[in-house]
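The values are calculated or read from the model by the stated rules, or taken from the named source; none is laboratory data. Note that the structure is predicted; figures quoted are calculated from it, not measured. Every residue, glycine as well, gets a Cβ built from its backbone with ideal geometry; the counts of neighbours run over all protein chains shown. The protein model used for the area step is the full one, side chains on, heavy atoms only, and it has no ligands, DNA or RNA in it. Shrake-Rupley method; radii C 1.70, N 1.55, O 1.52, S 1.80 Å.
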Amino acid sequence: MSTSYTVLNPATAEPVTEVQLASEAETDALIERAHEAFPAWRDVAPGERARLLRRFAALVDEHLDELAGLEVRNAGHTWGNARWEAGNVRDVLNYYSAAPERMHGRQIPVSGGIDVTFHEPLGVVGIIVPWNFPMPIAGWGLAPALAAGNTVVLKPAELTPLTAIRLGELGREAGLPEGVLTIIPGAGSVVGNRFVTHPLVRKVCFTGSTAVGKKIMAGAADQVKRVTLELGGKSSNVVFADADIAAAAASAPYAVFDNAGQDCCARSRILVERPAYDEFLGRLEQAVTGMRVTDPGADPDSEMGPLISATQKERVAGYLTDVEVAFTGSAPDSAGFWVPPTVVLPGGTDDAVWREEVFGPVVAVLPFDSEEEAVRLANDTEYGLSGSIFTSDVGRALRVSRGVAAGNLSVNSHSAVRYWTPFGGFKQSGLGRELGPDAPLAFTEEKNVFIADGS
């Protein structure tokens, strides 16, 4: 029997709507429908599949403000972020609409005939989307998977299902056949678990915590099921004394407090070369206290919204009980799940706030004394997703970029994600890559065919 979930506005803690959650039997039926739809979708002419994806993108663009408004209410995102996120879905669909006609195989020289390769779609792909960036991460999975000829079943997070549901409706309106893209709201223990255990689901894409990702990976092993995992992060922002300290300090809050710090790419550890440490902290305080932290639903100029839930607020607050707080910004004193942007000075690298993924608006700052120490401290983590390096020395930028074990690094910038470049983590930050020109290939098997010439 289906149950329902009350979606809350995290800025106000007020109900938004009720969403029906799928049962195990309902999930199985929808997976089977996606499996039945696969052969016909696989055989759609590449140009026609491309046209449908472009139509899907156009409809997302026509409904951009509607989708953004849903995310403001459901996830507490700022209007600027929510509009960018809806636009990112549009752009990702457009980008991968070019893939069906470019799924090139190879002709490999052999004796006695010809040898060619094909990229064959897998079948049903299960995509498990987190609550922190519901729209873009849905698009990063569904667009290349559909472009490669797979059908998709997608589970949004229980907390934030509204934009995924609407995207599914727009996909059908665009002309995607029934069963090609199916949104299945439900509990992770039910819907997500069936993506892992159901034999008709041939790949699972998961974005979320490392702990859950490990369980998915272990479960998928039973059927040798393919997985792409985008997991946790504890990224560093390394600031050398030769950098533009004013620019580095002004940009640092937005690298960690964007989406209230609920970002696996958040630069939540700041390492500052000791000669610049005091100046950086002084300028950082000005930037943090100047941030506009308000209810995004009431203030379109808000720069930071709330945490997603009361549970998340309590979890983040737990990291602030036994650490020196250098300074904080502001936050509404009202209902909702608010924590102000907070800068802490840990006692050392063993402090929980330095080592663990807080997933909230908290950043820890420590000094370093040499380039070698900066790289060592940046790498002293089980994660390796993202990071930034601020320096005016190009040689140093190259050395440190090669030395830091992370999948996505930026120099004199915090830009980590572009849909046309690959994205993914080292170490326990994940497995595989999303986005970029090769993403559709991750949803295929490479088949080799030899044809004898009769000689």
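If you go through segment 270-286 and keep only what is more than 12 Å from PRO367 (Cβ to Cβ) and open to solvent by less than 10 Å² (accessible area, probe 1.4 Å), you end up with just LEU284.
Close contacts from segment 401-429, counting a first residue that is touching a residue at least 24 places away in the same chain (Cβ under 8 Å) and of a type in the set (Lys, Arg) and a second that is open to solvent by 50 Å² or more (accessible area, probe 1.4 Å) and assigned to a loop (DSSP other than H, G, I, E, B), with Cβ to Cβ under 7 Å and a gap of 6+ residues or different chains, come to LYS427/GLU382. For the criterion of being touching a residue at least 40 places away in the same chain (Cβ under 8 Å), of a type in the set (A, V, I, L, M, F, W, C) and either in a loop (DSSP other than H, G, I, E, B) or open to solvent by 40 Å² or more (accessible area, probe 1.4 Å) (or both), LEU441 passes. Note on segment 45-147: enclosed helices (runs of 4 or more DSSP H) holding 3 or more residues that are touching a strand residue (DSSP E or B) at 6+ places or on another chain (Cβ under 7 Å) and buried (at least 20 other Cβ atoms within 10 Å of the Cβ) are 134-147. Applying a threshold of 6 Å to beta carbon distances and a minimum spacing of six or more residues, or different chains, the list of pairs starting in segment 322-335 at a residue that is in contact (Cβ under 8 Å) with a residue 12 or more places away in the chain and ending at one that is open to solvent by 40 Å² or more (accessible area, probe 1.4 Å) and among the hydroxyl-bearing types (Ser, Thr, Tyr) reads GLY329/THR289.
Taking segment 11-43 on its own, how many of its residues are touching a residue at least 24 places away in the same chain (Cβ under 8 Å), in a helix (DSSP H, G or I) and hydrophobic (A, V, I, L, M, F, W, C)? Result for segment 11-43: 7. In summary, LYS215 fulfils each of the numbered conditions (1) in contact (Cβ under 8 Å) with a residue 40 or more places away in the chain; (2) under 20 Å from GLY424 (Cβ atoms); (3) not hydrophobic (A, V, I, L, M, F, W, C) with the single exception of condition (1). For segment 149-168, the candidate set comprises residues that are assigned to a helix (DSSP H, G or I) and aliphatic (A, V, I, L, M); within that set, the residue that is surrounded by the fewest Cβ atoms within 10 Å (Cβ to Cβ) is ILE165. Counting the residues of segment 299-326 that are outside any helix (DSSP H, G or I), hydroxyl-bearing (Ser, Thr, Tyr), out of contact with any helix residue (DSSP H, G or I) (no Cβ under 6 Å at 6 or more places or on another chain) and farther than 19 Å from THR289 by Cα gives 2. One residue is enough: does segment 355-367 have a residue meeting the conditions open to solvent by 20 Å² or more (accessible area, probe 1.4 Å), under 25 Å from ALA13 (Cα atoms) and in contact (Cβ under 8 Å) with a residue 24 or more places away in the chain? Yes.
Per the conditions (1) farther than 30 Å from LEU52 by Cβ; (2) over 20 Å from the mean Cα position of the chain (by Cα); (3) of a type in the set (A, V, I, L, M, F, W, C), the sole criterion not satisfied by LEU176 is (1).
For segment 169-187, the condition holds for at least one residue, the condition being that it is in contact with a Phe, Trp or Tyr (Cβ under 6 Å, 6 or more places away or on another chain), surrounded by 24 or more Cβ atoms within 10 Å (Cβ to Cβ) and in a helix (DSSP H, G or I). Looking only at segment 405-435, residues that are within 30 Å of ALA249 (Cα to Cα) and outside any strand (DSSP E or B) come to 19 in all.
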